[in-house]
2 protein chains.
Amino acid sequence: MKKVYVLLADGFEVIEALAPVDIMRRAGIEVITLSLNNNLEVMSSHNIKVMADKIFDGEFKDGDGIYFPGGYPGYENLLKSQKAMELGKYYLENNKLVGAICGAPSSLARAGVIDGKNITLHFGCYDLVGDKCNIIDKPIVVDGNLITGSGAGYSVDMGLALVNYLVPEKVADVKKALTIKD
Amino acid sequence: MKKVYVLLADGFEVIEALAPVDIMRRAGIEVITLSLNNNLEVMSSHNIKVMADKIFDGEFKDGDGIYFPGGYPGYENLLKSQKAMELGKYYLENNKLVGAICGAPSSLARAGVIDGKNITLHFGCYDLVGDKCNIIDKPIVVDGNLITGSGAGYSVDMGLALVNYLVPEKVADVKKALTIKD
């Protein structure tokens, strides 16, 4: 079974975080949400309190992928966590999946994790990236093992893109269950 | 300020529930999530524990709208709550907004709340509705003050449809913030 860690910092965008969690679990992926707080409670950017599965206090290098949701100030809180950024770098360099959406690609870019990569992100964060990455104005951009999304409106697409990378044979069934027609 | 109640029963679909909560809050709507349990903790159909804002133990007739997410067994748990079904009926009959998605329209149909209405819902629940309603195979169906959605893949569309009903002047700004282009 594939395993993906999802990092939840206070101020995370709830759609961006949980649509992919839900969709990956529907595809049979083991998804473990990690709280960057000292307890399991994490508060979303629009005041929804969610209980994470574990506290982010270990190595967590055994996953097949890691996912960084956006949301303000969630993506700034991700950037403040040196351990989170180092884990992103570890996953990217070890050919494991890295997903990031909305403001979160700017966190990875500012931490020097995704230099020179093709990415998309929220237009409000373009300036934070500058020329560190090649920004493409699309909802979802796949560059090898890095998948980025522009914002909350494409959270379902992001979930499906992550599933498509890890267990492509599951995409059709998951889309059907979500009532999505091509 | 408009006010909407969102009913959360164990087994609710997290995207269907929280994408509309998030999107309505972005539009300046006061959204209050109500736990059908005896405490604030509610567990989603894919094992995400969320803390609701209040326990569903009052009247809650003062809102401008009420929203019923799907998810299994969440929509069955909604149906089991006579008070939830009665509140849906009160909102519908008093020209307040009623939203329901996925399996939840079947709960309202089986409770006799939406007889003869044009609705959409998850294809897996068509048989539960039978000829009580006029089922239309579309992602979102608006019939007066009743808005229904087919499933989790259209949770963002549902959120936007609810915003469009209550505060249409906010739709463009919210879509932009979600990075959705027409």
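Before moving on, here are some points about what is shown:
- Looking at segment B:7-92, the strands (runs of 3 or more DSSP E) lying wholly inside it that each contain 2 or more residues that are in contact with a strand residue (DSSP E or B) (Cβ under 7 Å, 6 or more places away or on another chain) and buried (at least 23 other Cβ atoms within 10 Å of the Cβ) sit at B:30-35, B:65-68.
- The single condition among (1) within 14 Å of chain B (Cβ to nearest Cβ); (2) closer than 25 Å to A:Glu41 by Cβ; (3) of a type in the set (A, V, I, L, M, F, W, C) that A:Leu79 does not satisfy is (1).
- Tallying residues that are without any contact (Cβ under 8 Å) to a residue 40 or more places away in the chain, acidic (Asp, Glu) and at the interface with chain A (Cβ under 10 Å from one of its Cβ atoms) within segment B:1-51 yields 1.
- Taking the numbered list (1) within 14 Å of chain A (Cβ to nearest Cβ); (2) of a type outside the set (Gly, Ala, Ser); (3) closer than 15 Å to B:Ala9 by Cβ in turn, B:Asp57 passes all entries but (1).
- Residue count, segment B:136-148 (criterion: crowded, with 22+ Cβ neighbours inside 10 Å and within 14 Å of chain A (Cβ to nearest Cβ)): 2
- Pairing residues of segment A:166-181 that are farther than 20 Å from A:Ile66 by Cα with residues that are in a loop (DSSP other than H, G, I, E, B) and of a type in the set (Ser, Thr, Tyr), at Cβ distances under 6 Å and at least 6 apart in sequence or on separate chains, gives A:Thr179/B:Ser150.
- Annotation: of all residues in segment B:149-182 being in contact with a strand residue (DSSP E or B) (Cβ under 9 Å, 6 or more places away or on another chain), part of a helix (DSSP H, G or I) and within 8 Å of chain A (Cβ to nearest Cβ), the one that is surrounded by the most Cβ atoms within 10 Å (Cβ to Cβ) is B:Ala152.
Every number in this text was worked out from the coordinates using simple rules, so none of it is lab data. All values reported here derive from a predicted model rather than from experimental measurement. Positions of Cβ are generated from backbone atoms using ideal geometry, with glycine treated the same way; all protein chains shown enter the neighbour counts.
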